[in-house]
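The structure under discussion appears below in the form of structure tokens.
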Amino acid sequence: MVYMVIITLLISFVFCCYFFGKKNGLPTNWPLVGMLPALLKNAHRINDFMIEVMEKSDMIFQIKGPWFTNMNLLLTVDPANIYHVSSKKFGNYGKGAKLNEILEPLGDGILNTDSNIWLFHRNVAQSFTNHPKFHQLLVNTTFQKVESGLIPILDHVCKDGIEIDLHDVFSRFMYDVMSIIMMDHDPSSLTVELPNFPLLKAVPSMEKVGISRHVVPTCIWKFQRWLNVGEEKRLKQETKIVDDFIYECIDRKKEKILIQGASSSSKDIDNEVSHVDLLTLLILDENKNTKSLVIQNNDKFLRDTITNFFLAGGETTSVALGWFFYLLSKNPRVLQKIKEELNTIMIPLKDQKNNIDRFLRNFKEVSNKLIYLHATICEVLRLYPSVAFTSHTPVEPDILPSGHLVNPNMQIIFNLYAMGRMKSIWGDDCNEFKPERFISEGNVIKHEPSYKYSVFSGGPRSCIGKQMVFIQMKIVAAIVIQNYHIQVKQHDHVPDSSFILHMKDEFKVKVFRSQ
Ligand code: HEM
């Protein structure tokens, strides 16, 4: 009986909110249910709804959840606030214990830790990406995957006139490349047979649970986890899929090092072989790591470190490639300009008698001159930033430049998707796809400050893979554009609501060989 009364009251509330809520377009904070009605009403178009909220609220808005939850989010896209939190007062802001708990499947990796542990990961990541052999490893691995995986698949679907999900192809491509770079292991998910590769479904689905844990009250999702039911059960299964894959790679690598001997591995790294992977570096430094951070379980620590890099780099670049080809299909003018630039600067693969080595040499010489292509990638990421939002928690209460008081119970959310579409930041043509906005006079790249163009975040916690992204996207773009024509089947793709900006539907295309 009591339940019936509560449910009737809640339904009446939602009903009242729907019909009598504020008409200025901003969510009303109702007693008991907070802003839940507005969020539920707009759940199917949450990304666009957030743009409207940011426009109407002068770029900052506090979202209040129902009273019985601890949802307290301050959404902002104000460049002054972003600069304040990510750079000027960086020491007072971290990922926070709440995010660490929500993203617990990531463990203690770089993405959701603070202070000493984060600093350790940051140093490891920087020494890896600054390693003299890293650039060569990145370019070679990407090229080899294009040659052995991407080209055969595209040729195959061209020949047989088959439709494919291009996003699935790019995900496989990036998982294979990241796995080789991070762990020296090729899972070979990108072959003509498109074999079952469980990570392809497990990872995006894990991200979705991360989102729902922000909305569902902590006590409820923890109870579900304890009962092992619903989304929490699914999360457990998906985390196990990722864990099994990473732990297998760790075991394999340890065995290899044991057989070869640590001395020969370190010699490989420093001298002869061009391959150096992150896992080898971490295992060889294991004793040092254990001492400096008092790590209890080294395999778990290796798992957390690798999983974070693997996820940070794989999904982000593959969704960016999908949005890149989607926007080109809608903007033939831009595609034509990229083609012209490639044809003047790069020697096409077919004119190099399909010699990948020659193409590789040519690419290394000219990639910095591909200005229009570079600007197009920037513009794609402005409209579809792979990381849709980031979260920051104050250590001590603080006042933001916008005048808002923030405290450690709040999560400050930078909505990067909305930020790229603000008239107040990008002007009246903010919804137009115009790579030219990233090109200055004299045909040089116009670098926007990270607090305005926050796609890669800014300050000490900015993205470590930014250079990698441009190199990898340019390689794929150059090969695909010079050799194929992509025909997109559906012309109104929208993003899903997740940390990573996936397309809601499959990205079905037909591929034709260029004449
Ligand atoms: C289009 C592709 C990419 C985009 C848009 C992107 C964007 C971002 C953003 C916004 C952050 C800040 C996240 C936060 O504070 O919660 C970040 C962090 C990070 N990114 Fe990327 N990223 C991309 C690709 C990559 C790649 C290829 C790697 C290579 C491994 C990478 C490695 C990282 C790492 C390690 C961090 C954490 C940095 C830290 O907390 O100190 N990212 N990225």
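Over all Cα atoms in the range 351-414, the spread is summed up by Rg and Dmax: 22.0, 63 Å.
With N denoting the number of residues in the range 464-512, provide Rg(C-alpha) divided by 2.2 N^0.38 Å, to two decimal places. Expressed relative to 2.2 N^0.38 Å, the Cα Rg reads 1.41.
Highest mean packing first, where packing is the average number of other Cβ atoms within 10 Å per residue, the peptides 161-171, 373-383 line up as 373-383, 161-171.
Quick check on my link table: of Lys337/Lys466; Lys256/Lys474; Lys133/Lys300; Lys337/Lys446, which ones sit more than 22 Å apart, alpha carbon to alpha carbon? Pairs exceeding 22 Å: Lys337/Lys466; Lys256/Lys474; Lys133/Lys300.
Considering every alpha-carbon pair of the chain, the percent of pairs per 20 Å bin, from zero through the bin containing the longest distance, is 21, 55, 23, 2. Normalising the average separation of contacting C-alpha pairs (under 8 angstrom, six or more residues apart) by the number of residues puts the relative contact order of the chain at 21 percent.
Between the amide H of Tyr484 and those of Ser514, distances stay under 5 Å, these residues lying 5 or more places away or on another chain, with hydrogens modeled in the peptide plane.
Looking at the range 404-469, the pairs of alpha carbons with a distance over 16 Å make up 62% of the total. Note that the range 206-219 has calculated 3J(HN,Hα) couplings of 4, 4, 5, 5, x, 5, 5, 5, 6, 9, 5, x, 3, 4 Hz, one per residue in order, obtained from phi through the Karplus relation 6.51 cos²θ - 1.76 cosθ + 1.60 (θ = phi - 60°); glycine and proline are x.
Both radii are taken from the alpha-carbon atoms of the range 128-192; with Rh as the Kirkwood radius, Rg/Rh is 1.05. For the range 372-515, the Kirkwood radius over C-alpha pairs fed into Stokes-Einstein at 10 °C and 1.306 mPa s yields D = 90 µm² per second. Annotation note: GluC sites (Glu not before Pro) in the range 410-496 located in DSSP loop regions with a Cβ neighbour count of at most 11 within 10 Å are Glu441. Considering only beta bridges that DSSP places wholly inside the chain, some 85 percent are antiparallel.
Where a number appears in this text, it was derived from the coordinates with a stated rule and is not lab data. Predicted, not measured: the structure shown is a model, and the values here were computed from it. Neighbour counts are summed over all protein chains in view; Cβ atoms, including those assigned to glycine, are modelled from backbone coordinates with ideal geometry.
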